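The values are calculated or read from the model by the stated rules, or taken from the named source; none is laboratory data. This structure is a prediction, so every number in the text was calculated from the model and none was measured. Virtual Cβ from ideal backbone geometry, glycine too; neighbours counted across all protein chains shown. These accessible areas exclude ligands, DNA and RNA; they are computed on the full protein's heavy atoms, side chains included. Shrake-Rupley method; radii C 1.70, N 1.55, O 1.52, S 1.80 Å.
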Amino acid sequence: MDANLITAVYIFVLAVFVGFEVITKVPPLLHTPLMSGSNAISGITLVGALLIAGGGDGMVAKLLGMLAVICATVNVVGGFMVTDRMLEMFKKKPETRK
Amino acid sequence: MTQIAYLIAATLFIIGLKRLGSPKTARSGNLAAMSGMLIAIVVTLLDKQILDFTFIIAGMIVGAALGLVAAKKIQMTAMPQMVALFNGLGGIASALVAFAGYRQAGPTRIDVAIAITTIISLLVGTATFTGSLIAFAKLQGRLRKAAGRLPMPKVLNAVVLAAVLTCGALALLDPGSAVWMPMVLVLAALYGVIMVLPVGGANMPVIISLLNSYSGVAAAATGFVLSNPVLIISGALVGASGLILTRIMCQAMNRSLGNVLFAGVGALPAGSEGSGEEPRQVTRYSAEEAAMVMDTAKSVIIIPGYGLAVAQAQHALQELADLLANRGIEVRYAIHPVAGRMPGHMNVLLAEANVSYDLLLEMDAINDDFKNTDVALVVGANDVTNHEAACCKPDSPLFGMPTLKVNEARSAMVIKRSLSPGFAGIDNDLFYAQSTMMLFGDAKQMVTDLIREIKSL
C-alpha cells in the first residue's frame, strides 16, 4: 500500500475520534441545529465538485460536475443559513416574574 | 498554499462543531464552520486546475438561490424533511464527484484503493439520496402507509446489497468497463429506497440521523478518491456525528437499529391490542374545568409531542405557559429525546415560539420532579408518556423504553384528538388513571380555549 493512502486512512480515523469527542458533548437541546450544521459541513464535497466541473475533461465530466456543484451548493448554503436561523431563536429570556 | 487553507478550513469545522455544544456559543460556532467552508471554496476556485468557470458559476448560482430560498421559507415544523433533503443532496453530490473522478482517472491509472472508495462513495451517496427522498415524502405525508409494506424487507435488503457489491467487484476486476460502475449507481439508488420505505413515521429520528451519517461517509469516501484531506476530515466528522445521534435515538426508543430498519410500520402481532376487554373509563374534562384545576396548581410541567407540531400549537402553548407563569405558577417543559421527527425537533419548535431554553429540560433532568408537580400537561404526545407499559409490561413493545414519569404527577391533563392509540398502536394506561383528565380536541384549539378560560377566571 502506498504512503499516501495510509496517511489518508490515518487522517480519517483520527477525525472520526475527534468527531466522537466533540459531538458527544452537544446537549439534546441543540441536536437539530447540530444535525443541519454538520449536514452543511458534509457539503464540503462542493470542493471536489468544483474541481470536476472546472477541469478540462470533456463535456460529460463537466455536466456531472455542474450537477454536483448545484446539489452541494444547495446543501452548503441552505444548511448554514437554516442552522443560523434556528440558532438565532435559541434565547434565554430574563426572568419576568416579580 | 491550497493545502494550508484546507487545514484551516478543517480546523474551523472542528471549532464550529465544538461551539455548537452550548446555546451561548452555538451561533458563533456555525459562523466559524461557515467561514471554514468559504475559505475552502475560495482557495479551490483560485486553484490552477480549474480551466473553465462557466459550469461552476452557473451551478453555484442555481444552487445558492435554491438553498437560500429553502432556508428562508421553511417552517420549523418541516425541519426534518428539509434536513433529509439536504442530506440527500450532499450524498448525491459526493457520489457524482467520485464517479466523475473515477472516469477522469481513466482505466490505466486506477488503482484498487481508488476503485474501492469510488464504489463506497457511489453506494453510500446514492443510497443517501434516494433514501432521503423517500424520508422526505414520508414526512411530507406524500406516501401512504401501505406503501411501506415490502415483502421480506431483510431478504430484499440483503439481495440488493449483494447485487451492488457484486457489480462493485466486477468493476474492480474490469476497470475499463463502462457498465459496472453505473450499475453500482443504479442498484445503490434502489437500495436507498428499500432501506427507508418500511420505516415508520415515529422512527424517522433514527433514519434522519443515519442518513446524516451516510452523507458524511460518502463525502469522506470521495475524499479518498480525490486524495483530498479536507473532504476526508469533514466527512469523518459528520459521519461520527450522525452515528452518535443514531445511537442516542435508538436508545431513547429502546430499539436496535436493525429493529428500526426491518420491523416495518407498527409491526405488532394482530389482535394483541385490547380486543375483548371491556371499554375502559376515562375522565373527560372541559377546557373550563381544566382551567380551574390549573389555576390552583403551583407547578406545571408541559410534555410536548409531535401532535403539537402537527397542530402548529407551539405559539399558543407558549402563550398559555406565559399566562400561568404570570400567575406565579412554575412552568417547565419536559422534552423526550424522540419527541418530534428528528433529534431535538421539539426544542427548535419551542425556541421558535420564544420559550427560554433554560425551561426546556431533558428527560433525565426532570423525571424525578414529576412527583412534586401538580399538573403534567401532555400535548400531542403518547408513547413517551406510557410509563406503565415501559416499566412493568414485559410483553409490550414499549417495554424498557425510557419514558417520562407523567403518571407520578399529582394530576395529569392529556390533550388529544381521540383515544386512538399512538403510533406504536399501544394503549396507554395513563389515559385511564384516576388522576388523569382527558381534554379531547385539536391541540391548538384546546390550548386556545384554556387560555381564554384562564383569563376569564
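Just for the range B:26-38: of the residues that are at the interface with chain A (Cβ under 7 Å from one of its Cβ atoms) and aliphatic (A, V, I, L, M), which one is most open to solvent (accessible area, probe 1.4 Å)?
Out of the qualifying residues, it is B:Met34.
Condition first: touching a residue at least 40 places away in the same chain (Cβ under 8 Å) and open to solvent by 20 Å² or more (accessible area, probe 1.4 Å). Can you find one or more residues in the range B:85-98 that meet it?
Yes; the residues of the range B:85-98 include at least one that is touching a residue at least 40 places away in the same chain (Cβ under 8 Å) and open to solvent by 20 Å² or more (accessible area, probe 1.4 Å).
Would you confirm, using the coordinates I've provided, whether A:Met86 is farther than 30 Å from B:Met249 by Cβ and in contact (Cβ under 8 Å) with a residue 12 or more places away in the chain?
no
Restricting to the range B:401-426, what's the tally of residues that are at pLDDT below 85 and closer than 17 Å to B:Ala202 by Cα?
Looking only at that region, the number is 7.
Could you grab me the full set of residues in the range B:1-21 that are of a type in the set (A, V, I, L, M) and either assigned to a helix (DSSP H, G or I) or under 15 Å from B:Ala236 (Cβ atoms) (or both)?
Result: B:Ile4, B:Ala5, B:Leu7, B:Ile8, B:Ala9, B:Ala10, B:Leu12, B:Ile14, B:Ile15, B:Leu17.
Determine which single condition B:Ala412 fails, assuming it passes every other condition in (1) assigned to a loop (DSSP other than H, G, I, E, B); (2) in contact (Cβ under 8 Å) with a residue 24 or more places away in the chain.
Result: B:Ala412 passes all but (1).
So which of B:Lys371, B:Lys405 ends up being within 18 Å of B:Ala334 (Cβ to Cβ), open to solvent by 60 Å² or more (accessible area, probe 1.4 Å) and in contact with a Lys or Arg (Cβ under 8 Å, 6 or more places away or on another chain)?
Result: B:Lys371 is the single residue among B:Lys371, B:Lys405 that is within 18 Å of B:Ala334 (Cβ to Cβ), open to solvent by 60 Å² or more (accessible area, probe 1.4 Å) and in contact with a Lys or Arg (Cβ under 8 Å, 6 or more places away or on another chain).
Within the range B:39-53, does at least one residue satisfy the condition of being open to solvent by less than 70 Å² (accessible area, probe 1.4 Å), more than 23 Å from B:Arg19 (Cβ to Cβ), touching a residue at least 40 places away in the same chain (Cβ under 8 Å) and in a loop (DSSP other than H, G, I, E, B)?
Yes, because at least one residue in the range B:39-53 is open to solvent by less than 70 Å² (accessible area, probe 1.4 Å), more than 23 Å from B:Arg19 (Cβ to Cβ), touching a residue at least 40 places away in the same chain (Cβ under 8 Å) and in a loop (DSSP other than H, G, I, E, B).
Could you check, for the range B:228-248, whether at least one of its residues is over 18 Å from the mean Cα position of the chain (by Cα), at the interface with chain A (Cβ under 7 Å from one of its Cβ atoms) and not in a helix (DSSP H, G or I)?
Within the range B:228-248, one or more residues are over 18 Å from the mean Cα position of the chain (by Cα), at the interface with chain A (Cβ under 7 Å from one of its Cβ atoms) and not in a helix (DSSP H, G or I).
Filter the range A:54-68 down to residues that are crowded, with 23+ Cβ neighbours inside 10 Å and modelled with pLDDT of 90 or more and give me whichever is nearest to the chain's Cα centre (by Cα).
Only one residue tops the list, namely A:Ala68.
Matching residues to (1) surrounded by fewer than 21 Cβ atoms within 10 Å (Cβ to Cβ); (2) facing another protein chain (nearest Cβ under 7 Å); (3) assigned to a helix (DSSP H, G or I):
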site: A:Leu14; (1), (2), (3): yes, no, yes
site: A:Val18; (1), (2), (3): yes, yes, yes
site: A:Leu30; (1), (2), (3): no, yes, yes
site: A:Ile52; (1), (2), (3): no, yes, yes
site: A:Ile70; (1), (2), (3): no, yes, yes
site: A:Val74; (1), (2), (3): no, yes, yes
site: A:Val77; (1), (2), (3): no, yes, yes
site: A:Leu87; (1), (2), (3): no, yes, yes
